[in-house]
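The values are calculated or read from the model by the stated rules, or taken from the named source; none is laboratory data. Being a predicted model, the structure only gives us computed values, none of them experimental. Cβ placement follows ideal geometry from the backbone for every residue including glycine, while neighbour counts extend to all protein chains displayed.
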Amino acid sequence: MTLTLLISLIGLFGAGCGGASSADPSDSTDSSDQPSDAAPTGAAAAADPIPGSEELTAEASALAVAEYEIAGVEVDLLEVSRNGDAITVHWQYRTDLEDGVTLRDDDDDDPYALTRGAYLLDETHQKKYLVLEDDAGRPVATEHAHDTNDTNDAGVVVRADAPLTAWAKFPAPPDDVEQIAIHLPGVDPFEAVVIGQ
């Protein structure tokens, strides 16, 4: 009987050790669980958008932003790049107004009205660069056709869901000029803008 009791105790003790040895991996599992829990948390945190990040990203893509002469419209300077003997400037008109804003009314039939008056100013050499023209005397720039609203000619309109983009080409200043002032119609000048390549 004593022998049976002793064998039972040894069996229980062995099972207890087995339980203890299986508890040791669970201890290490607990420590490994912490990093694995931390990894998804970090990944999830990276995937979660920051509130308003879409707006920040849109604004961050612009080199500069200025208010347009018509209330409710902003102008984003998007790109200024040198390509050989020319500089190309890209910009866009934006509004948050749901009904949109007319930038050029239906009486103004010049498709270059938003780009024709643009120019660059090389302040180092005090030289002004006007929009280039093609052989027919037309600006090398965006044409903006009138928007139509049913049967009515609504002029050139920018809407909340449809920013209006524009570009124009200018003669390039000398290669040693790395910054330029950009003057767009209806907007305060964008000063000391770095010319990209």
Members of the stretch 117-127 that are under 16 Å from VAL80 (Cβ atoms) and either acidic (Asp, Glu) or not in a loop (DSSP other than H, G, I, E, B) (or both): TYR119, LEU120, LEU121, ASP122, GLU123
Just to be sure before I move on: is LYS169 charged (D, E, K, R), closer than 22 Å to LEU63 by Cβ, more than 28 Å from the chain's Cα centre (by Cα) and at pLDDT 90 or above in the structure I sent? no
